[in-house]
Amino acid sequence: MPHTLPRRHASRLRHYWRTRGWACHDNIDLDLLRWGLIDELANADVASRFLVTARGRDALGDAVVRNRHARSRHAQVTDGVARHLSGEGRLVFTELVVHTEDDTSLAPRWALCKPDVFSLSRSLRPDHLAPQVHEIKVGRADLLGELRSGKTRRYRELAAEIYFVLVEGIAKVEEIPAEYGVVTWRDPAGYTLERCAPRHDYRLETRHWMAMARARPFQAEDDSLQMSF
C-alpha cells in the first residue's frame, strides 16, 4: 500500500463505507483487496459485496486529515495572495462564481467557474482593468490534474492574465505552460513573482459584472475603515 492513498482509491473506499458495498470488480478493487482495506462477502445468492476493514477505516481517517490540512493550507495561501493584490491597489474577489462559455464541446453551453482569486485594477477605463486570475495549488497531484483538465482555459474570457500560485517545492517554473504566469508562495516571504503571464484579450460582459455585484470584494480584517473613504 502506498504511503498516501491515491485519490481514485480513496473515493472508492468512501463509496464502500457509505453504501452497501456492491462490488465494481476492477483494478481499484483488486488494489484495495491486496492492501487489506476491504473484505469480500461471499454469498452465492446475491451479488458480490465488499466491507471496509479496520485498516480501511484507518486509511479513510488519514485521508480526511490530509484533506482538511490541504484545505486549510489552501485557505491560508488564498488569503495571503488576496492581501498582496489588495495591497497593490487592486479590487479583489475570493468568492466569485461566474458562468463562462464552454468552447470544448460541439454544442454551446455554460460552464461554472470559481477562480481562487480574481482581481481588477481600479480604473474607469475598460482597457485598463487588467483582470487577473490566480489559481492556488498546494499539492502536486492537484496541479497536474488541473493542467490535464484544462479548466483554466475557461477563464480566458474574463481574465487578461492567468497565474498559477505554487506552494514552494511542488513544481518547477518550467513545468508550467508558457501561457500562464507563475508565482511561488514561500513561508514567510509570501508572494514571489517567478514569471509574468502573457496578456490575452478578454471580454467582460453583463453576466460577469452581475457576478461581481453579487460577490463581496475581499477585505482584510486589519484594513482601516478610514481607507474606504
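The values are calculated or read from the model by the stated rules, or taken from the named source; none is laboratory data. Predicted model, so just to flag it, every value in this text is computed and none were measured. Backbone-built Cβ (ideal geometry, glycine too); neighbour counts: all protein chains shown.
Only residues that are under 10 Å from Gly56 (Cβ atoms) and free of Cβ contacts under 8 Å to residues at least 40 places away in the same chain were counted across the stretch 17-32, and they come to 1. A single member of Glu101, Glu95 is more than 16 Å from Ala197 (Cα to Cα), in contact (Cβ under 8 Å) with a residue 40 or more places away in the chain and assigned to a loop (DSSP other than H, G, I, E, B), and it is Glu95. In the set (1) touching a Phe, Trp or Tyr at 6+ places or on another chain (Cβ under 6 Å); (2) under 30 Å from Ala215 (Cα atoms); (3) outside any loop (DSSP other than H, G, I, E, B), Gly80 fails one condition alone, (1). Only a single criterion out of (1) at negative phi; (2) part of a loop (DSSP other than H, G, I, E, B) is not satisfied by Gly36, namely (1).
Between Leu37, Leu41, the distinction of being more than 27 Å from the chain's Cα centre (by Cα) and over 20 Å from Val65 (Cα atoms) belongs to Leu41 only.
The conditions of being of a type outside the set (A, V, I, L, M, F, W, C) and farther than 21 Å from Phe93 by Cβ are not met by Gly190.
Is it the case that some residue within the stretch 15-22 is in a loop (DSSP other than H, G, I, E, B), small (Gly, Ala, Ser) and surrounded by fewer than 13 Cβ atoms within 10 Å (Cβ to Cβ)? Checking the stretch 15-22: not a single residue is in a loop (DSSP other than H, G, I, E, B), small (Gly, Ala, Ser) and surrounded by fewer than 13 Cβ atoms within 10 Å (Cβ to Cβ). Regarding Arg199, is this residue in contact with a helix residue (DSSP H, G or I) (Cβ under 7 Å, 6 or more places away or on another chain), in a loop (DSSP other than H, G, I, E, B) and basic (Lys, Arg)? Taking the combined requirement at face value, the residue does not satisfy it. Number of residues in the stretch 33-81 that are free of Cβ contacts under 8 Å to residues at least 24 places away in the same chain, within 30 Å of Leu120 (Cβ to Cβ) and of a type in the set (S, T, N, Q) equals 2.
Of the residues making up the stretch 131-145, those that are farther than 18 Å from Val98 by Cα and touching a strand residue (DSSP E or B) at 6+ places or on another chain (Cβ under 6 Å) number 3.
Conditions (1) under 16 Å from Ala159 (Cβ atoms); (2) out of contact with any Cys (no Cβ under 9 Å at 6 or more places or on another chain); (3) at pLDDT below 95; (4) not assigned by TED's automatic domain parsing to the domain that holds Val92, marked per residue:
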residue: Pro188; (1), (2), (3), (4): no, yes, yes, no
residue: Cys196; (1), (2), (3), (4): yes, yes, no, no
residue: Leu204; (1), (2), (3), (4): yes, yes, yes, no
residue: Arg207; (1), (2), (3), (4): yes, yes, yes, no
residue: Met210; (1), (2), (3), (4): no, yes, yes, no
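Listed by first and then second residue, the pairs linking a residue in the stretch 167-191 that is in a helix (DSSP H, G or I) to a residue that is surrounded by 14 or more Cβ atoms within 10 Å (Cβ to Cβ) and charged (D, E, K, R), with Cβ atoms under 7 Å apart and 6 or more places separating them unless they lie on different chains, are Val173/Glu194; Val173/Arg195. Considering the stretch 147-159, the residues that are surrounded by fewer than 21 Cβ atoms within 10 Å (Cβ to Cβ) and in contact with a strand residue (DSSP E or B) (Cβ under 7 Å, 6 or more places away or on another chain) include one that is farthest from Val98 (Cα to Cα), namely Thr152.
Here the condition is being among the polar types (S, T, N, Q) and either at pLDDT 90 or above or closer than 30 Å to His9 by Cβ (or both); of Thr100, Thr152, it holds for Thr152 alone.
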